[in-house]
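Written below as structure tokens is the structure these notes are about.
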Amino acid sequence: MDLTWMAWTWQTATFFAVIAFLLLGMMLWEYVAPGGGARVGILRFETTRGDRLFISLLMSAYIHLGWLAFSDASLWGATIASLAFAAAVFRWV
Amino acid sequence: MAQVKQDAARNRGILLRDSGPAQAAAGASDRAAGTRARRRRGREGGGFWWIVPTLYIVFLMLPIYWLINMSFKTTNEILGGFSLWPQNFTIESYVEIFTNPVWYNGYVSSITYVLINTVISVTVALPAAYAFSRYRFLGDKHLFFWLLTNRMAPPAIFALPFYQLYSAIGLFDTPWAVALAHCLFNIPLAVWILEGFMSGVPKEIDETAYIDGYSWPRFFVKIFMPLIASGIGVTAFFCFMFSWVELLLAKTLTAVDAKPIAAVMTRTASTSGYELGLLAAAGVLTIVPGAVVIWFVRNYIAKGFALGRV
Amino acid sequence: MTKTWNNKAWFMVLPVLLLVAFNAVIPLMTVVNYSVQETFGNNLFFFEGVRWYEEVLASSRFHAALGRQFLFTFIILAIEIPLGVAVALAMPRSGPWVSVCLVFMALPLLVPWNVVGAMWNIFALPDIGLLGRSINALGIDYNFTQQPLSAWFTVVLMDVWHWTSLVVLLAYAGLRSIPDAYYQAAKIDGASRLAVFRYIQLPKMSRVLTIAVLLRFIDSFMIYTEPFVLTGGGPGNATTFLSIDLVKAALGEFNLGIAAAMSIIYFLMTLLVCWVFYTAMTNYYDGER
């Protein structure tokens, strides 16, 4: 099938591959340690690993957008901030 | 489920009067409850509680009346002046629609893709909703949420890639393209509603059936589906409704052969001048299928809107 | 109901998953791809990085459309939710009129969206429409094709006409699930009408009302067809909401990159709102069990 209309670039392909690997990793993690690590964190409702990953991903999208809107510095700063945020989410939420 | 039946019975309370003593008693007590309710409201609302829904319905009917009014006028009369009802009553616009293949083919293709979509959505949603209502499995909650986000994704975002996607697989300008594209929001909705109805059926029924030696498919078709028949009806109604009213994707995915009626309308409005009478008549005719469908599910509407789980 | 853990249930979900993924994931990936490239047609693309995102975030046009969008959503929620609840409360709880009321109220929901726009167009035209003519007869200068305020009024009124019934039907379904015994108990206690509403009816409706707010928020946030047919986004840009702006950029100006970047930002916003509502709803629901 012809896929040129999807206009792939290696950058976006990498991006989606990373997401796919994250999902795969979550499945493996679940296989190794079932139950999802459910607990009630600082948001005061029960979250599992999947929830924490989702929060991290969604928030890193917002962090990147915010960085683009309010700062001229390199976007890698936003990426580092997102990673830190994700670590915090996995630790405390 | 039992609740649904009760509601239906309540709505038909009068019909049920001679169908058995127990039901008659139930009907009578429902009627008594109704009278009580009316008395209660009557006292507290000063006897005028019915004014609010009446005014609201009048407000809803006014634009529809205006559309019907316009559809029976000639274009000259519409543009010539203002009148509350047609002065030169004419059915010319309707005759034009029923004799011109461009117009009636629009209706045929709209109904075709809506029906295909309803059948696909309900069929694939049934087992999925069963899975969500009966089992826990890896990633179930996230899957459910992801499904719902698609119900909530703005179609405008998908318009252009959809055009490319369906052109690439060679379905562009067929009813199948629109029917499949509408699955994007109708399947999640169907799963959501059906799951609500299925959760109302006690699990003991499943277990008893398995003990009796039913296989899962046989149990599902013979026992389970009749139990949630009203839920399936409501779901089909919702799928019909959202597929019928959506236009952005339907217009994007069709060109000539499978053009939906609503798109024929927009084209007519722009190419052949401003034929308001014709436009109004076509509009009236697009409301008719909806009205017919509502009439069939009227006793389940309220329950259906609560997605089966109040 | 306790659910059994069974991963084979995945097979039942698979057809749904495949169909929805086909329709959701492939187009979404394509939009992401578009959003980082410049195109001149003919499937020729040039990588632009995050340039479109920067432009969109800095563009006053996007900010204006976003502002209008939030204002519109806020206004219609503030009207439709209380109005819908009020009508539902005034509905008879049973009797022959219920079905009649419900059928009439559900009717606007089944009108194709562009017909809603066309219908309100001819209903509100200042010279030949019933609404426009009546307002002008009252001595108010009203012309929705010329004045932004009139256009807003018409679009809001149209949305109220179109969607309040959804709130009514949801709230009514919630009300009907209250057993008569509750009302009788309230009567014996001599509870006021307000107390009955506050302590019996509102709690019973809270779940369906959450659904109503969620659905109305989401649907009004992605409104496109009705205002497009009614006003075409005008006069000027007065009623150009997010989706209209998006389609203008993508199809009108064929600026795919900008439109795609806008789509992604738009999508992220709906995603966040959905997640907040969904989490609130499921946790409330689980707490109830």
Sites residue B:291 and residue B:136, calculated FRET efficiency, Cβ-Cβ separation with R0 45 Å, nearest 0.05: 0.60
Can you work out ³J(HN,Hα) from phi for every residue in segment C:81-98, in order, using Karplus 6.51 cos²θ - 1.76 cosθ + 1.60 and θ = phi - 60°, giving whole Hz and x for Gly and Pro? 5, x, 4, x, 5, 4, 5, 4, 5, 7, 5, x, 7, 7, x, x, 6, 4
Please report the accessible area of residue B:244 (heavy atoms, 1.4 Å probe, ligands and nucleic acids excluded) in Å², nearest 10. 10 Å²
Which whole-number value in Å² is the accessible area per residue of segment B:56-196, probe 1.4 Å? 34 Å²
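Could you please report the charge total around residue C:53, scoring K, R as +1 and D, E as -1 over all other residues with beta-carbon less than 14 angstrom from its beta-carbon?
Result for the local shell: -4.
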Reach of residue C:187 by Cα under 18 Å, taken over lysines that are not fewer than 8 positions away in the same chain: C:204
Determine the per residue accessible area of segment A:4-92 with all protein chains present and a 1.4 angstrom probe, expressed in square angstrom. 63 Å²
Estimated buried accessible area (total), pair A and C, 1.4 Å, Å² to nearest 100: 2100 Å²
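Set the bar at 22 Å for Cα to Cα. Now go through B:73/B:259; B:141/C:3; B:141/C:8 and name every pair that lies beyond it. Please report the intermediate quantities before stating the final value.
Values: B:73/B:259 27 Å; B:141/C:3 13 Å; B:141/C:8 15 Å.
Violating the 22 Å limit, Cα to Cα: B:73/B:259.
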Hz values of 3J(HN,Hα) by residue in segment C:196-201 - Karplus curve (6.51, -1.76, 1.60), Gly and Pro given as x: 4, 5, 5, 9, 10, 6
Just need the relative contact order of chain C here, percent rounded to a whole number, with Cα pairs under 8 Å and 6+ apart. 27 percent
Excluding ligands, DNA and RNA, what is the solvent-accessible area per residue of chain C at a probe of 1.4 Å, expressed in Å²? 39 Å²
Using the Karplus curve 6.51 cos²θ - 1.76 cosθ + 1.60 with θ = phi - 60°, what ³J(HN,Hα) values do you get for each residue of segment C:238-255, in whole Hz, with x for Gly and Pro? 4, 10, 7, 8, 3, 5, 5, 4, 4, 5, 4, 5, 6, 9, x, 9, 6, 9
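Using a Förster distance of 25 Å, how high is the FRET efficiency between residue B:62 and residue C:64, based on the Cβ-Cβ distance and rounded to 0.05?
Values: r = 33 Å, r/R0 = 1.30.
Calculated transfer efficiency: 0.15.
Quote the total accessible area buried by chains B and C together, excluding ligands, DNA and RNA, probe 1.4 Å, nearest 100 Å².
Between B and C, the summed buried area is about 9900 Å².
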Protein heavy-atom accessible area occluded, B/A pair - total, 1.4 Å probe, Å²: 600 Å²
Return the carbon/sulfur percentage of the accessible area of chain C, one whole number, probe 1.4 Å, all protein chains in place. 69 percent
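Determine the gain in length on full extension of the stretch residue C:103-residue C:187; use 0.36 nm per residue of separation and subtract their C-alpha separation, reporting nm with one decimal.
Stretched fully, the residue C:103-residue C:187 segment lengthens by 27.1 nm.
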Expressed in angstrom and rounded, the centroid-to-centroid distance over alpha carbons for segment B:179-245 and segment B:116-174 is 16 Å
When every protein chain stays in place and a 1.4 Å probe is rolled, B:89, B:238 sorted by accessible area with the largest first are B:89, B:238
Radius 14 Å from Cβ of residue C:248, net charge of other residues (Lys, Arg +1; Asp, Glu -1): 0
What's log10 of I(q)/I(0) for the protein assembly as shown at q = 0.10, 0.12 Å⁻¹, Debye sum over Cα points only, no solvent? -1.07, -1.51
Inter-chain shielding of C:216-225 (mean C-beta neighbours from other protein chains, 10 Å cut-off): 4
Starting from the Cα of residue B:222, step 7 Å along the direction of its Cβ; do the same at residue C:74; then give the gap between the two resulting points in nm. 6.0 nm
For residue B:70, what charge total do you get from the other residues with a beta carbon under 15 Å from its beta carbon, if Lys and Arg give +1 and Asp and Glu give -1? -3
Kirkwood hydrodynamic radius, segment B:92-305, all distinct C-alpha pairs: what's the number in Å? 19.0 Å
If each part is reduced to its alpha-carbon centroid, segment C:57-101 and segment A:14-89 end up apart, in Å, by 34 Å
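The values are calculated or read from the model by the stated rules, or taken from the named source; none is laboratory data. What you see is a predicted model; the values in this text were computed from it and never measured. Because the Cβ atoms are built from the backbone with ideal geometry, glycine has one as well, and the counts that use them run over all protein chains shown. To get the accessible areas, we keep the full protein, side chains included, count just its heavy atoms, and leave off ligands, DNA and RNA. Shrake-Rupley method; radii C 1.70, N 1.55, O 1.52, S 1.80 Å.
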